[in-house]
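The next block holds one structure in the form of structure tokens; read it before the comments.
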Amino acid sequence: MSESLLERSSARSSEHEQLLQVQDLKTYFPTPRGLVKAVDGVSFELERGKTLGIVGESGSGKSVLSRSIMRLLPRKTELHGQVMFDGRDLTNMKQAELRDVWGAEIAMVFQDPMTSLNPVMRIGPQITESIRHHLGVNKAEARETAIALLTSVGIPEPIRRLKEYPHQLSGGMRQRVTIAIALACGPRLLIADEPTTALDVTVQAQILDLLKVQQSERFMGMILVTHDLGVVAGRTDDIAVMYAGKIVEQAPTDELFADVKMPYTEALLQSIPRLSNHSHTRLQSIKGRPPDLVNLPKGCRFAARCPYVQDKCLAEEPPLIPITGKPDHLYRCWFPVGTAAGEAALESNRAAGKIDHEIDPAAAGEIIA
Ligand SMILES: Nc1ncnc2c1ncn2[C@@H]1O[C@H](COP(=O)(O)OP(=O)(O)O)[C@@H](O)[C@H]1O
Ligand SMILES: [Mg+2]
């Protein structure tokens, strides 16, 4: 084989590894106040069998992004860009085709299990209906599959559970049931949107570990959406940090924690509860509020809240660019954390008395440890 042919075939096979390619996705909601730019030019790729964490404060556009991939949006929404799933563009697929993709190929798990469970229907039929619809098996086979699924998501006495209603289960058990339903048809992509935010801390870890085990055993692609960087640490291959509808930093998980570049990511790290904090020390939440998505600022969207802010940040929006020598670590900042320019910017603001709390450089290290 000639070199160019070899090159071409390896390029093609690596293309096939991509399960999901999101290209310049924009989701705008027309409202009486104007166009709400909830997702504003997001691009990323997800390989088969890999996990991507999408992290950002409340309101940063994580759920709208997830729903845009699934096309679960209000009718008048403006959607631009491309969502290639296994070689097909979901953004221009007909409703009927989409219905075959939902559940069977892409499944979602939401924050509140009660929104996806039917409160007046027993657990059994809620699982078997979807199995029978998508897989075309008979009642007895569907029941066997349901029992196996409930077992695999760690529900004790699954046969008894089939006859129960959602309200008879604890929050954690209900979320296990919605995960079982999501897995029922063997999806290739699972989108979990804050799947543990409503649960107790101890149950959270169990559910996150369950998702991780199922994802890797089934070689699914998984998008794990959360406001908590601590949730994705150690559980994802890559992380994309979102702010005001855009990705502001993106990197392999270990790389991100080792070398944070975007002040917003640094601020998110400061707001994770840590063992070394005394139980009565207050968590540092990021000061200020995200910008109005109808009237976005001209420069960097984080500038108004950023301890590194300089005049340039207010005037010009930084592009999403890679670190020199690290093509898979992207960031959007003029004065990045840990660089000479960043340190000087921070120092000048500190000297001018514009920073009223100290940034703790140990935060990232403790999260990985
Ligand atoms: N249907 C809608 N119409 C107008 N604005 C919306 C609509 N849905 C979401 N938004 C706005 O889009 C922004 C992003 O929301 P969301 O994706 O839910 O944030 P996150 O999941 O990161 O907390 C928010 O400002 C929210 O108010
Ligand atoms: Mg959300």
Original post:
Under the Kirkwood approximation applied to all pairs of distinct alpha-carbon atoms, what is the hydrodynamic radius of the chain in Å?
Top reply: 22.2
Original post:
How much length, in nm to one decimal, is gained on full extension between Arg88 and Val120, taken as 0.36 nm per residue of separation minus their Cα-Cα distance?
Top reply: 7.9 nm
Subject >> Share antiparallel - DSSP beta bridges, the chain, percent rounded to 5 >> reply: 60
Subject >> Under 5 Å, built H, 5+ apart or other chain: amide partners of Val337 >> reply: Met262
**OP:** Work out how much length Asp237 to Gln168 would gain on full extension: take 0.36 nm times their residue separation and subtract the Cα-Cα distance, in nm to one decimal.
**Re:** 21.3 nm
Original post:
Which one of Leu199, Leu269, Leu65 has the biggest mean-square fluctuation once the chain is modelled by GNM with Cα springs under 10 Å?
Top reply: Leu199
Subject >> Spatially proximal lysines relative to Lys139 (Cα-Cα < 21 Å; intrachain offsets below 8 disregarded) >> reply: Lys163
Original post:
What distance in nm separates the simple spin-label points at Lys26 and Leu314, each placed 7 Å from Cα in the Cβ direction?
Top reply: 2.7
Original post:
Expressed in nm to one decimal, what extension gain is obtained for the pair Ala148 and Thr324 from 0.36 nm per residue of sequence separation less their Cα-Cα distance?
Top reply: 58.5 nm
Original post:
Once amide H atoms are built 1.01 Å from N in the peptide plane, which residues 5 or more positions from Thr51, or in another chain, come under 5 Å H to H?
Top reply: Met222, Asp237, Asp238
**OP:** Would you mind ranking Arg301, Arg235, Arg48 so that the residue whose beta carbon has the fewest other beta carbons within 10 Å leads the list?
**Re:** Arg48, Arg235, Arg301
**OP:** Arrange the following residues from fewest to most other Cβ atoms within 10 Å of their Cβ: Phe29, Phe302, Phe257.
**Re:** Phe29, Phe257, Phe302
Subject >> Centroid-to-centroid separation of the stretch 299-360 and the stretch 65-89 [C-alpha atoms, Å] >> reply: 32
Original post:
Tell me, what is the FRET efficiency for Arg160 and Asn138 to the nearest 0.05, using R0 = 25 angstrom and their Cβ-Cβ distance as r?
Top reply: 0.65
Original post:
Just how many pairs of Lys in the stretch 197-327 have C-alpha atoms closer than 28 Å, counting pairs that are eight or more places apart or on different chains?
Top reply: 16
Subject >> Furthest towards positive pole of dipole, Leu73, Gly186, Pro125, structure part the chain, Cβ charges >> reply: Pro125
Original post:
In whole Hz, what ³J(HN,Hα) sequence does the stretch 87-98 give by Karplus (6.51, -1.76, 1.60; θ = phi - 60°), x for Gly and Pro?
Top reply: x, 10, 8, 6, 6, 10, 7, 6, 3, 5, 5, 4
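Read the figures in this text as sums done on the coordinates, not as results from a lab. A quick note: this is a predicted structure, and the numbers were derived from the prediction, not measured. Here Cβ is always computed from backbone atoms with ideal geometry, including for glycine, and neighbour counts include all displayed protein chains.
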